[in-house]
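The values are calculated or read from the model by the stated rules, or taken from the named source; none is laboratory data. Since the structure is predicted, the reported quantities are computational estimates derived from the model, not experimental observations. With ideal geometry, Cβ positions are generated from the backbone for all residues, glycine too; neighbour counts draw on all protein chains shown. Just the protein is used for accessible areas: all its heavy atoms, side chains included, with ligands, DNA and RNA removed. Shrake-Rupley method; radii C 1.70, N 1.55, O 1.52, S 1.80 Å.
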Amino acid sequence: MRVTTVEASAAPRRWHAKRAWLGRGALASDVLIEARAERFTVVTAGTPAEQVPPGTVRLDGLTLPGLANAHSHAFHRALRGGVAGSAGAGADDTFWTWRERMYAVAERLDPDTYFALARAVYAEMALAGITCVGEFHYLHHGPGGKRYSDQNETGRLLIAAAAAAGLRITLLDACYLAAGFLPGGKPLPLAGVQLRFGDGSAAAWAERVCELDPDAHGMVAPHARLGAAIHSVRAVPPDQVPEIMAWSHAHAAPVHAHLSEQPLENAECRAAFGATPAEVLYEADALGPRSTMVHATHLTSRDVELLGGSRSTVCMCPLTEADLADGVGPAPALAAAGSPLALGSDGHSVIDLVEEARWLELSQRLVSRQRGHFTPAQQATAATLGGHACLGWPDAGEIVPGAYADLVTVSLDSPRLAGGGAGDPLAALFAAGTSADIRHVVASGVDVVRDGRHLLLADVPGALAAAISAVLG
């Protein structure tokens, strides 16, 4: 028997998990879990079911820490099921044509439709076991770049939408200053819908972000932290990056950036700055343990060394990268070099971190024709602890005393998992399970999903359909 405790106040809640992956270590059986308020206080493995205190909630199946979606663009959910990638689209349907469709959706959004869509999308995430989301946010202003009376209105509504869906959120407020760069480094001005993204300079970006009033640790609400984002080397001149990093250091806040998602991005970066995107960010002191590079698909061996040596996290989004035909990034090499891995659903072609973790492995099998790049524990770590840590919540993603009280329980008797979980249910989950197998979700000590039903938003499919219809017309 193992017993660990931490002091706390308030009336306790208790759960008894038949099987649990606590994080970092091996699976445990008959785990008695206690929480007070939003934190775990006692975790005791090897407690027989007949010895649990009255009122304890029994969790059959497999229980894990809450999942963290480290990279989201909530409004992209409206693009699911569209013409992108459809049969007959041919070679003319690329990432760049998809981007034009994405811009068309962004152009249609107003604060009311954005809130409704984000709330429904975050509720869909909760049903998929996600207890924390990193929202990479760049739709800051109104049409034509006109400022709202509250310049952070859209950021605040995303924070409110996460609360309404029962999630914690890190709002990764993105600096977006240019539409690209000509050879030699001259920036191209923003135009069209991109005017809604820009603040003019990194200093103006920082001034606006500070109006969200983060504390010294980036907290803006009990469920929300604030982080920075460098949209990409296509959108932020290198001489503007230090201002963003100074803000990050002042608030001990995470910094995320899209990196080398497309070969054209790399080619244009070399033409403009004579270096790869990773090299540009390294020279601007933007890599490090609080930095997360998203996608990191087309890297040189030197890029891998820079990311791993700086301990920058890499957030892979395998399903989006497949949907957009981006390619497959060198995840095993990055992990071996020292980069922690996280997972994100990005464009929300699917919201399912179990699938993302599965394809973290399967995509590598396809390009290497070898099996066994990541163990189930490593896949689970990327979906839990790795994501929470890179979003500024290092005290989440594990079932240990002092951590945020997040629990995700997976049924092991579905048609996908029946008969496969007796020996190693974690391996079975990442071999064949999906978000449809998730039955119960607790976030920060509060029930959010029970028996597969969202407790804060009664009809999630209906809310999604209505919100998307309001945007697309």
Q: Give the Cα extents of the stretch 187-292 along the principal axes, in whole Å, largest first.
A: 43, 33, 22
Q) Which three extents, in whole angstrom, do the alpha-carbon atoms of the stretch 361-418 cover along their principal axes, largest first? A) 41, 31, 15
Q. How big is the stretch 205-266 by Rg and Dmax over its Cα atoms, in Å?
A. 13.1, 41
Q) Computed on alpha carbon atoms, what radius of gyration and Dmax characterise the stretch 312-405, expressed in Å? A) 13.3, 42
(Q) I'd like the antiparallel share, as a percent to the nearest 5, of DSSP beta bridges with both residues in the stretch 184-333. (A) 15
Q: Can you work out the accessible area per residue across the stretch 280-389, with the rest of the protein chains kept in place, probe 1.4 Å, in square angstrom?
A: 36
Q) Put a dot 7 Å past each Cα toward the Cβ at Thr94 and Ala436; how far apart are the dots in nm? A) 3.6
**Q.** Surface/4 estimate of mean projected area, convex hull on alpha-carbon atoms of the stretch 303-354, nm²
**A.** 3.5
**Q.** Residue-normalised accessible area of the stretch 11-122, given per residue in Å² at a 1.4 Å probe
**A.** 41
Q: Report, please, the projected area of the stretch 256-339 averaged over directions, based on the convex hull of its C-alpha atoms, in nm².
A: 4.8
Q. Treating the beta-carbon of each Lys and Arg as +1 and of each Asp and Glu as -1, no other charges, what is the dipole magnitude of the stretch 244-318 about its Cα centre, to the nearest 20 debye?
A. 200
Q | 3J(HN,Hα) from dihedral phi, the stretch 64-70, Karplus parametrisation 6.51/-1.76/1.60, rounded to Hz, x for glycine, proline | A | 10, x, x, 8, 10, 8, 7
Q | Accessible-area composition of the stretch 194-258, carbon plus sulfur, in percent [1.4 Å probe] | A | 58
(Q) Nearest 5 percent is fine: what portion of the DSSP beta bridges confined to the chain is antiparallel? (A) 50
**Q.** Rough spin-label spacing in nm, given labels placed 7 Å along Cα→Cβ, for Ala267 and Ala336
**A.** 3.0
**Q.** P(r) histogram, all alpha-carbon pairs of the stretch 48-167 included - 10 Å bins from 0, percent
**A.** 11, 33, 27, 16, 8, 5, 1
Q) Asp215 versus Arg108, label points 7 Å from Cα toward the beta carbon: distance in nm? A) 4.1
Q.
Tell me the label only: which of [x] 79, 53, 52; [y] 71, 52, 45; [z] 57, 55, 50 is Cα extents along the principal axes in Å as calculated from this structure?
A. [y]
Q) Angle, helix 460-472 long axis vs. longest principal axis of the chain, Cα atoms, 0 to 90°, nearest 10? A) 10
Q: Positive end of the charge dipole of the chain (Lys, Arg +1 and Asp, Glu -1 on Cβ, about the Cα centre): tell me which of Ser310, Thr375, Leu412 has its Cα farthest that way.
A: Leu412
Q. On alpha-carbon atoms, Rg over Rh for the stretch 424-472 using Kirkwood Rh?
A. 1.12
Q) If you put +1 on each Lys and Arg Cβ and -1 on each Asp and Glu Cβ, how big is the dipole of the stretch 197-277 around its Cα centre, in Debye rounded to 20? A) 200
Q. Using unit Cβ charges (K, R positive; D, E negative) and no other charged atoms, how large, in debye to the nearest 20, is the dipole of the chain about its Cα centre?
A. 680
(Q) Please compute the per residue accessible area over the stretch 161-263 with all protein chains in place, 1.4 Å probe, rounded to a whole number of Å². (A) 32
Q: Give the whole-number value, in cubic angstrom per residue, of the convex hull volume spanned by the C-alpha atoms of the stretch 117-204.
A: 115
**Q.** Kirkwood-Stokes translational diffusion coefficient of the stretch 326-473, alpha-carbon pairs, 20 °C, 1.002 mPa s, µm²/s
**A.** 125
**Q.** Contour excess over end-to-end distance, with Cα ends at Ser29 and Glu305 and 0.36 nm allotted per residue
**A.** 95.4 nm
Q: Give the angle, between 0 and 90 degrees and rounded to the nearest 10, that separates the Cα long axis of helix 153-165 from the longest principal axis of the Cα atoms of the chain.
A: 20
**Q.** Residues whose placed amide H lies under 5 Å from that of Tyr176, excluding near-sequence neighbours
**A.** Asp199
